[in-house]
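What follows is a set of notes on a single structure, which appears directly below.
Just so you know, all these numbers are worked out from the coordinates, no wet-lab data involved. For clarity, every value in this text was computed on a predicted model and none was experimentally measured. Heads up, the Cβs are rebuilt from the backbone with ideal geometry, glycines too, and the neighbour counts pull from every protein chain shown.
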C-alpha cells in the first residue's frame, strides 16, 4: 500500500505551538462487556512553561467525552496542582485517501484495461483463424488417405510417396495445433490479468473512508524536569467472554483422578489500534445497562363461579437449587454464604498479552489450578439412555470465582467434548459431565395399563411401569447411580403411590419424586431395574 494523504482535517483552533511527538504506548486495558478502557502512559523531559504533546495513531472510534489526561513528576503518584497541570486535551481526526485511490492512478488502470481488452480481441481472432486452419488440415489428411485407397484400387504401389505426403500433412497439422494451443494459453493469461485489473479498479473506484486520529495534550509545568503523562479513554468495538479448559488426569491407576482447571479471557477488538504487550484487566461491569423504571400496567380483578370440574395438566418443572453447595469448613459447623455473582468482579490477566485490531478471538490466561475430584457413573434414562461419567469438584484452589461460560473437556490426552458451567463461587462444589460411557448399553421401556374404576367408587386408577436394563460390554466393573422420576401431585383429588411390590429394592421417592438405585455392574454383566407406581384420580378431575 502506498503512502497516505490527508484530505480532510477537523482541527480546532489552538495557539501556534510546535507539537512534540510523544510516544505513549498502551500499558493497560480494562475490557468490559462491550467496550474497553485504554490507558497510555510514558515519561519525558519537559521544559518550564507550556508544552503541546502529540500522540499519534490512536483509536479513531474513541468516545471524545471519556478522553482525559494527567501529569505528575516522574516517580511520584501525585503532584502539586499549582506546579504542573494539564491545560487542554483533545482528539484530532483526519480522513485519508490511500495512494492507490488517487484519480490519476484510476485513469492509468482504465487505460491498461482498454489495452488488454484490445489485445484479448486480437488474440481471440487469431485463435479462431488458427482453429479453422487446423480443421482444414485435418480435412486434407482425410482426403490424402482416400486418394491412397483409390491408388491401391488401380494397382499403384508407391508407399514412399504416400508416407511422405502423410508426414507432410501431419507436420503442418501439428504446427497448426501448437499455434492454436499457444494462443489459448495466452488468451487465458490475458483474461486472468483483466480480472485482477477489474478487482483493482473496483477497489479504487471510491475514495477510502480511512480515518486517522491523534491526541493533543497541552501541559504546563513550573520547573523543567522529568514528568509522567497518562492519557486514558474509552473505545467501543471491544469485548470479552470467559472460556474454560478442564483436563482430567489419572495419577494413580484405580484412584479418583484430579482436574486441571484453567480459565481464560477470550478477547475480541477492532478499535483501530493494536494492543501490544499490555496488562489486560477483565471486568464484569455493565455500564451499558441503564436504569429505566419498569412499565406499569393495570391489574384487573374479577369474580367468576367456581367450576365443578377440576382441570389439571402434567407439567415439567426443574428442581430449583442454588448449586451443589459449598465445601464445609474444617473448624465450624456453619456453612459459608454463597456468592450469587451479583457483585462486579475484576480479573487481571496472569501475564501481559498482545491483541491486534482484527476482530478475531484471542485467549488470555486468567487463572489455573488443580482440583480434587470425586467421580461416579450416573444414569438418567428418561433424559438420555446412556451412562455418563460425572465428576464433582470444589473450587478451593483457584482463589477466585469461576464465571459462567463454555468449558473444553480434555481426557486421555485428547479433546472429548464441550460443556458449560454456571457461576461458581470460591469453595463451592460443582460438577462436570464427560459424556457417555461407551462400554455400557441402556434400554428403557415404559408401560401404561388401562384405567380401571372400582365398583361403587368415584376414583380411577392407572398402573405405570418403567423397566431399565443395563449391559456392561467391557471387562471393567461399573458402579452406576440410576435415577428415575415419579410424578408429584399437588391436589388432594390426584394421588400417586409407588408400588413397592413391583419396584426394585422397594425404593421410595424423595420429596421431589426422585427414585435412586446404586447398581454394581460387573464386567460383561447385566442388571435390570423396575419401577411401578399407580396414579389415582377422582371422577371430578379431567386432563390427565
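Order of 531-537, 247-253, 176-182, 402-408 by packing, highest average Cβ count within 10 Å first?
531-537, 402-408, 176-182, 247-253
Express the relative contact order of the chain as a whole percentage, based on alpha carbon pairs under 8 Å and six or more residues apart in sequence. All intermediate terms of the calculation are to be shown ahead of the outcome.
On the way: 1080 pairs, mean separation 84.9, N = 544.
Result for the chain is 16 percent.
Roughly how many whole Å is it from the C-alpha centroid of region 366-419 to that of region 34-76?
First find each Cα centre; the distance between them is then 45 Å.
Considering only C-alpha atoms, what is the centroid distance from region 132-190 to region 486-510, in Å?
The two parts, judged by their Cα centres, are 97 Å apart.
Any chance you could run the full-extension gain for residue 17 through residue 495? It's 0.36 nm times the residue separation minus the Cα-Cα distance, nm to one decimal.
Details: separation 478, 0.36 × 478 = 172.08 nm, distance 8.94 nm.
That pair, residue 17 and residue 495, stretches by 163.1 nm at full extension.
Over region 440-542, calculate the relative contact order: mean separation of alpha carbon pairs under 8 Å at least 6 apart, over the residue count, as a percent.
37 percent
When the C-alpha atoms of region 103-204 are aligned to their principal axes, what extent does each axis show, in angstrom, from largest down?
In descending order, the Cα extents are 78, 15, 14 Å.
If the convex hull of the alpha-carbon atoms of region 440-542 is projected onto planes in all directions, what is the mean projected area in square nanometres?
7.3 nm²
Sort the following peptides by mean Cβ neighbour count (other Cβ atoms within 10 Å, averaged over residues), highest first: 55-62, 361-368.
Ranking, from highest mean packing down: 55-62, 361-368.
Plugging the Kirkwood radius over Cα pairs into Stokes-Einstein for region 413-471, at a temperature of 37 °C and a viscosity of 0.692 mPa s, what D comes out in µm²/s? Mind dumping the intermediate values first?
Numbers: Rh = 17.1 Å.
Result for D is 192 µm²/s.
What percent does the relative contact order of region 103-204 come to when contacts are Cα pairs within less than 8 Å and at least six residues apart?
Here the relative contact order equals 52 percent.
For n ≥ 4 DSSP H runs only, could you compute -39500 (n - 2.57) per run for the chain, divide by its residues and tell me the 222 nm figure to the nearest 500?
Dividing the helical sum by the residues of the chain leaves -6500 deg cm²/dmol.
In Å, the Kirkwood hydrodynamic radius of the chain over pairs of distinct alpha carbons?
33.6 Å
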